[in-house]
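Some notes on the structure that comes next.
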Amino acid sequence: SQQGEEDPQALSIQEGENATMNCSYKTSINNLQWYRQNSGRGLVHLILIRSNEREKHSGRLRVTLDTSKKSSSLLITASRAADTASYFCATASGGGADGLTFGKGTHLIIQP
Amino acid sequence: SAVISQKPSRDICQRGTSLTIQCQVDSQVTMMFWYRQQPGQSLTLIATANQGSEATYESGFVIDKFPISRPNLTFSTLTVSNLSPEDSSIYLCSVGLNSNQPQHFGDGTRLSIL
């Protein structure tokens, strides 16, 4: 069952600006992952942050995790037109071979 | 990361028929999962494909409608049975080594029902 909520559901910004997306979840987690999906294609894994981590960077991506608030944020700096996609957070509860519980996603549009 | 081949990439099927989707991985993986993405929606986990035993289904999904096979550590199939328009979705397989590693997804199968 889905537990995540992304905020905002849609975001449109100018190329070069930063984009911030938020994700909230309801249960305890082992880790939280962010994915990108272009036009209904397969998902591309962006970054995984473990429950004992607070911040993680990968290139232009910065992810934070606040387990006390059950929330995470994804920041994309210096956005490019190619960043236009849907972004999903997904949580893994651990305790075995668990599948992921996905948030509703944020559709990001970068305007040239 | 593992290379995942999912077939078919898309199909259009008649009501009442079934479609079997294949997921092939280029290396042995511990975990394989099947997800559904309804139009304009997020992904929902259908089931965990267990090697050599019956799949573990999530609430709302049953074996009669979504039979799954996993004969070895590199291959799985999902069948969507007795198709109706409500089954029009993208179906995706994913693989992972363990719950602390990222899951990687196939490109998905876009299914439309006439």
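Could I get the Rg over Rh figure for the protein assembly as shown? Both from C-alpha atoms, Rh via Kirkwood, rounded to two places. Let's see the in-between values first.
Details: Rg = 17.4 Å, Rh = 17.9 Å.
Expressed as Rg/Rh, it is 0.97.
Name the lysines eligible as straight-distance cross-link partners of A:K70: C-alpha to C-alpha under 18 Å, and not fewer than 8 places from it in the same chain.
Candidates past the 8-residue exclusion: A:K26, A:K56, A:K104.
Send over the per residue convex hull volume for chain A, Cα only, as a whole number of Å³.
Expressed per residue, the convex hull around the Cα atoms of chain A is 95 Å³.
Pick from B:L78, B:L92, B:L45 the residue whose mean-square fluctuation is largest in a GNM of chain B, springs joining Cα atoms under 10 Å.
Ranking B:L78, B:L92, B:L45 by mean-square fluctuation puts B:L45 first.
Which one of A:C23, A:S72, A:H57 has its Cα pushed farthest toward the positive end of the charge dipole of chain A, where Lys and Arg give +1 and Asp and Glu give -1 at the Cβ?
In chain A, that residue is A:H57.
Which whole number of Å³ per residue matches the convex hull of the alpha-carbon atoms in chain B? Don't jump to the answer; show the numbers that get you there.
Working: hull volume 10.9 nm³, N = 114.
In chain B, the Cα hull volume divided by residue count equals 96 Å³.
Could you compute the FRET efficiency for B:T79 and B:Q14, with r as their C-beta to C-beta distance and R0 at 22 Å, rounded to 0.05?
Numbers: r = 15 Å, r/R0 = 0.69.
Computed FRET efficiency for B:T79 and B:Q14: 0.90.
Please work out the C-alpha center-to-center distance from segment B:77-102 to segment A:52-112 and express it in whole Å.
Measuring centre to centre over Cα atoms gives 21 Å.
Assuming 1.306 mPa s and 10 °C, estimate D for segment A:5-54 with Stokes-Einstein, Rh taken as the Kirkwood radius over Cα pairs, in µm²/s. Please report the intermediate quantities before stating the final value.
Details: Rh = 13.1 Å.
Rounded, D is 121 µm²/s.
Under 24 Å from the Cα of B:K65, which lysines turn up, not counting those fewer than eight places away in the same chain?
B:K7
Taking springs between alpha-carbon atoms closer than 10 angstrom, which of A:R50, A:R41, A:R62 fluctuates most in the Gaussian network model of chain A?
Greatest mean-square fluctuation among the candidates belongs to A:R41.
Given a 10 angstrom Cα cut-off, can you work out which residue in A:A90, A:A78, A:A19 is the most mobile in a GNM of chain A?
Of A:A90, A:A78, A:A19, the Gaussian network model singles out A:A78 as fluctuating most.
Since every read-out is calculated from the coordinates, none of them should be taken as a lab result. No experiment lies behind these values; they were computed from the predicted model shown. Glycine also receives a Cβ, built like all others from the backbone with ideal geometry; neighbour counts cover every protein chain displayed.
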